[in-house]
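Some notes on the structure that comes next.
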Amino acid sequence: MKPRAATWTLLILAMNLHAQTKVRARDLGIPFDGTPGRWNAVTDVAGVEVGHATIIRGSGKLVVGQGPVRTGVTVVLPRGKNSADPVFAGWFSLNGNGEMTGTTWVEESGFLEGPVAITNTHSVGVVRDAVIAWQLKRGFMHRLFALPVVAETYDGYLNDINGFHVKAEHVWEALETAASGPVAEGNVGGGTGMNCFEFKGGIGTASRRLEDGFTVGVLVQANFGRRHQLRIAGVPVGRYLDCEKWPPCWSSPPREGSIIIVVAADAPLLPHQLKRLARRASPGLARTGSISGNGSGDIFLAFSTANPQAARRSGESKLVMLANAALNPIFEAVVESTEEAILNAMVAAETMVGRDDHRSIGLPHEEVRRLMREHRPDGAR
C-alpha cells in the first residue's frame, strides 16, 4: 500500500524540518574551503530531488526474517520525479568490492536514464525491480526496457540484512516523497544502518557555488574506514578518540566498508568530462583518511543537468560543452563537497543499537569541537 498524497506531503515537511534542525559539520567549528549553496546539499543543483524511506523495527537478538531491522532506501532524481529526460553521466570505481547496477550502459551510452537508488547490499535486486515498475507506471521508460542505477553498502552489523526487509513499497515511498531543499542526513534511507570510521555513518550531502555561477552538489552513503584513519580538516581526530572511551572499535574482523558517492553539476559537461568529475571524488574521500582498502566498494557517479533533451530519439542534438581548461574549479568543488558530505553524514548520525544489541556510537560532537579549537583555531567556535 502506497501512502496517499497528503501523507507524502506531511512526510516531506517533517523530513525537511528535521534536516534544517540537525547539527552539521560546520556547526562544530570544522573549517571548510569554498562557498556552499543555499542548502549546502546536492539539491542546490536546480532540479535535483532526494527521497528517503527509513525502516527501523525491533530490538535484541537477531532472528533472520524478523529483525531487528535498521535499513532503507535513498534516491537521487537528477531532474526530479516528474521528468523522464535523461542526463549525461559518467562513473568511476576506485575499489570495486561493491555494486552499482546499470553502469555498463552509462559507460556505453553516456546517459543516466532515471534515478540513482542506494540501499543495502542484499536489497539491490528488489530496489532495481521497483524502480523499473515505478518508471513503467509513470510512463518514464526511455526505451523498451530499463537498466536502473542501484548501488549498495553493507549494513549487516546493525541490520537483519538477510531478512530482505526492503520492499517495493519502500522504494516507491522514497521516489514519490523526493523533494528539493534541505536533505535529511545520518540515520536515514539507505544510510540507516551504516557505520563510518567505526562511528555511526549514513547519508551526507554538501555543495559548492562557483564564481562563474555553476553549482556542484554531492550526496554520499558513508560506510567505510577504521577509527585510527579518521581525519577532520587535516587533524588526525581518530587517534584522539580512543576505543576505551568511545567504544566499540572492531579489531576482528577488520572492517573496511564502502562508500557510494553521487556528484551533480549544472555545468554543461559531456560524459567523458563527467567521468573525470566522478574520479575527483577520490581525493575528497582521501581527505577524511580513507585508504580505499581491498574490501571496500568505493563507487562514484557524476551527472550534469545541462543539455536538456540531449537524449532525443532521432535527428541531431545541439549540445554545449564547457572547455576542459575551465574544469579545475569544478574539480575543486567536487573534492571539497565530498569531504564535507562525509563529515556531515557522521555529524548528523546518532548512536544506534541494532541486531544482537550491536552498538554504533555517534561521533562525539563536544570532543570534535575541542579538537578543532586546539588544532584548527581558524575554524573553532
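Residue by residue through the stretch 272-318, note down the ones that are farther than 25 Å from Gln229 by Cβ, out of contact with any Ser or Thr (no Cβ under 9 Å at 6 or more places or on another chain) and modelled with pLDDT under 95. Once the filter is applied, which keeps residues that are farther than 25 Å from Gln229 by Cβ, out of contact with any Ser or Thr (no Cβ under 9 Å at 6 or more places or on another chain) and modelled with pLDDT under 95, the stretch 272-318 yields Arg312, Arg313, Ser314, Gly315, Glu316, Ser317, Lys318. Just one residue in the set Arg57, Arg38 is surrounded by fewer than 18 Cβ atoms within 10 Å (Cβ to Cβ), modelled with pLDDT of 95 or more, touching a Ser or Thr at 6+ places or on another chain (Cβ under 9 Å) and closer than 27 Å to Leu363 by Cβ; that residue is Arg38. Contact list please: Cβ distance under 6 Å, first residue in the stretch 334-348 and within 20 Å of Lys275 (Cβ to Cβ), second residue among the basic types (Lys, Arg), pairs at least six apart or on different chains. Sorted first by the residue in the stretch 334-348, then by its partner, the pairs are Val334/Arg280; Val335/Arg280; Glu336/Arg208; Ser337/Arg208. Residues of the stretch 356-374 that are surrounded by 16 or more Cβ atoms within 10 Å (Cβ to Cβ) and either hydrophobic (A, V, I, L, M, F, W, C) or farther than 21 Å from Cys243 by Cα (or both): Ile361, Leu363, Val368, Leu371, Met372. Once the stretch 262-272 is narrowed to residues that are under 19 Å from the mean Cα position of the chain (by Cα) and small (Gly, Ala, Ser), the residue that is surrounded by the fewest Cβ atoms within 10 Å (Cβ to Cβ) is Ala265. When the residues of the stretch 111-156 are filtered to those that are modelled with pLDDT under 95 and among the aromatic types (Phe, Trp, Tyr), which remaining residue is surrounded by the fewest Cβ atoms within 10 Å (Cβ to Cβ)? The extreme case among them is Phe145.
Just name the residue that is surrounded by the fewest Cβ atoms within 10 Å (Cβ to Cβ) out of those in the stretch 273-302 that are touching a strand residue (DSSP E or B) at 6+ places or on another chain (Cβ under 7 Å) and part of a helix (DSSP H, G or I). So, considering only residues that are touching a strand residue (DSSP E or B) at 6+ places or on another chain (Cβ under 7 Å) and part of a helix (DSSP H, G or I), the one surrounded by the fewest Cβ atoms within 10 Å (Cβ to Cβ) is Arg279.
Against the criterion of being of a type in the set (Val, Ile, Thr) and touching a helix residue (DSSP H, G or I) at 6+ places or on another chain (Cβ under 6 Å), Thr119 qualifies. The residues listed here are Val334, Val368; of these, the one that is touching a strand residue (DSSP E or B) at 6+ places or on another chain (Cβ under 8 Å) and under 16 Å from Ala267 (Cα atoms) is Val334. Answer with yes or no whether Val69 is surrounded by 14 or more Cβ atoms within 10 Å (Cβ to Cβ), under 17 Å from the mean Cα position of the chain (by Cα) and at pLDDT 95 or above. Judged against the criteria, Val69 is not a match.
Residues are listed down the side, and each one gets a yes or a no for (1) within 25 Å of Val188 (Cβ to Cβ); (2) touching a residue at least 60 places away in the same chain (Cβ under 8 Å):
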position: Thr74; (1), (2): yes, yes
position: Pro78; (1), (2): yes, yes
position: Gly98; (1), (2): yes, yes
position: Glu113; (1), (2): no, yes
position: Thr121; (1), (2): yes, no
position: Arg128; (1), (2): yes, no
position: Ile132; (1), (2): yes, no
position: Arg138; (1), (2): yes, no
position: Met141; (1), (2): no, no
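Among residues of the stretch 91-110 being within 13 Å of Ala278 (Cα to Cα) and of a type in the set (Phe, Trp, Tyr), the one that is surrounded by the most Cβ atoms within 10 Å (Cβ to Cβ) is Trp91.
Counting only residues that are in a strand (DSSP E or B) and either of a type in the set (Val, Ile, Thr) or without any contact (Cβ under 8 Å) to a residue 24 or more places away in the chain (or both), which one in the stretch 41-54 is surrounded by the fewest Cβ atoms within 10 Å (Cβ to Cβ)?
Looking at residues that are in a strand (DSSP E or B) and either of a type in the set (Val, Ile, Thr) or without any contact (Cβ under 8 Å) to a residue 24 or more places away in the chain (or both), I get Thr54.
Comparison of Glu211, Glu173 shows that the only residue that is in a loop (DSSP other than H, G, I, E, B) and acidic (Asp, Glu) is Glu211.
The values are calculated or read from the model by the stated rules, or taken from the named source; none is laboratory data. Keep in mind that this is a model prediction, so the values were computed, not measured. Quick reminder, even Gly has a Cβ in these numbers, built from the backbone with ideal geometry, and neighbours come from all protein chains shown.
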